[in-house]
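Asks: Could you have a look at this structure, given as C-alpha cells, before my questions?
The values are calculated or read from the model by the stated rules, or taken from the named source; none is laboratory data. This is a predicted model, so every value here is computed, not measured. Cβ: placed from backbone, ideal geometry, glycine included. Neighbour counts: every protein chain shown. Heavy atoms of the whole protein, side chains included, go into the accessibility calculation; ligands, DNA and RNA do not. Shrake-Rupley method; radii C 1.70, N 1.55, O 1.52, S 1.80 Å.
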Amino acid sequence: MHLPLAQLIEREGALPPNEVIRWLAEACDALAKLSESGTWSGIGADNLSVSRDPAELATVAPTPLPSQSRRERAQVQALGALGYLMAKGQPPPAPLTEEAFAGL
C-alpha cells in the first residue's frame, strides 16, 4: 500500500537509512521515466508516495516545474532536500547549503 511520504514522516519522523536510499533511488527512476515521456516534474514529500512492500515501487504524482531552463537543477535540489527530510525527519534549513548536509 502506497502512502504519501509527508504522512509517513509526520507519523514516524526520521526513516531508516535503507528506506532513504531505496526511496531516493526509486524517486530518481520515477522522475527519469516522467521526463522521458516529456513530463518534467517537481518532487517533494507531498507528491512522492512510497510503500514498504518491496514489490511496489515509489510513485511520483507529476507537478510542473516553473522554469524550463533550470529543470534539472530544481530536481536535484528537491531530491537533496527530500533525502535530508527522510534522514532527519524534518525539512533542511533554508537556504540549502553544503554545510546543512555535513555529517548526514
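Asks: Scan region 46-56 and tell me whether some residue there is among the hydroxyl-bearing types (S, T, Y) and at pLDDT below 95.
Replies: no
Asks: I've got another one for you. If you take the residues of region 62-88 that are part of a loop (DSSP other than H, G, I, E, B) and out of contact with any Asp or Glu (no Cβ under 9 Å at 6 or more places or on another chain), which of them is surrounded by the most Cβ atoms within 10 Å (Cβ to Cβ)?
Replies: Only one residue fits best here, namely L65.
Asks: What are the residues in region 10-42 that are assigned to a loop (DSSP other than H, G, I, E, B) and closer than 24 Å to E72 by Cα, if any?
Replies: Residues satisfying the conditions are S37, G38, T39, W40, G42.
Asks: Does region 1-30 hold any residues that are surrounded by fewer than 12 Cβ atoms within 10 Å (Cβ to Cβ) and without any contact (Cβ under 8 Å) to a residue 12 or more places away in the chain, and which are they?
Replies: Answer for region 1-30, where residues must be surrounded by fewer than 12 Cβ atoms within 10 Å (Cβ to Cβ) and without any contact (Cβ under 8 Å) to a residue 12 or more places away in the chain: E10, R11, P16, N18.
Asks: Being touching a residue at least 12 places away in the same chain (Cβ under 8 Å), charged (D, E, K, R) and farther than 16 Å from W23 by Cβ is the filter here; which residues of region 60-94 pass it?
Replies: If the condition is that a residue be touching a residue at least 12 places away in the same chain (Cβ under 8 Å), charged (D, E, K, R) and farther than 16 Å from W23 by Cβ, then R71 is the only one that fits.
Asks: What's the number of the condition R73 fails, among (1) under 19 Å from E10 (Cα atoms); (2) over 10 Å from the mean Cα position of the chain (by Cα); (3) of a type in the set (D, E, K, R)?
Replies: (1) is the only condition that R73 fails.
Asks: Quickly run through region 32-61 and pick out the residues that are open to solvent by 40 Å² or more (accessible area, probe 1.4 Å) and within 18 Å of A81 (Cβ to Cβ).
Replies: Across region 32-61, the qualifying residues are W40, D46, A61.
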